[in-house]
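First comes the structure, then the notes that go with it.
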Amino acid sequence: MNVYMLIVSQTIFYIVSSVAILVVGVSLVIVMYYLICILRDTRNISSDINETYKKVKRNIKKIISLFSKK
């Protein structure tokens, strides 16, 4: 009986702690994003995402072209 209670309590502890770590991580990412936005004086998320997408796409094309030349 005690072994099963220990297993159940440890399982619940691991589930709760992993959810708490995920919540803290996501909130840290959101806080860091808004701090960067305040420093850059922009809060338009869609324009930032579009700029980042274009930069990543351009860099991937450069990398692919470097490998395709050989």
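Each reported figure results from applying straightforward, stated rules to the coordinates on display, with no laboratory input. Note that the structure is predicted; figures quoted are calculated from it, not measured. Cβ placement follows ideal geometry from the backbone for every residue including glycine, while neighbour counts extend to all protein chains displayed.
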Any idea what the dipole of the chain comes to, in debye rounded to 20, about its Cα centre with Lys/Arg Cβ at +1 and Asp/Glu Cβ at -1? 800
Using a basic spin-label model with each label point 7 Å from the Cα along Cα→Cβ, how many nm lie between VAL24 and ARG40? 2.8
Report the label-to-label distance for VAL8 and LYS55 in nanometres (one decimal), using points 7 Å from each Cα along the Cα→Cβ vector. 5.2
Helix-only [θ] at 222 nm, the chain, -39500 (n - 2.57) per DSSP H run of 4+, per residue, nearest 500, equals -33000 deg cm²/dmol
Shape of the chain from its Cα gyration tensor (a ≥ b ≥ c, root eigenvalues): rounded if a/c is under 1.5, otherwise prolate when a/b > b/c, or oblate? oblate
Charge dipole (the chain, unit charges on Cβ, about Cα centre) - positive-most of MET5, VAL31, SER46: SER46
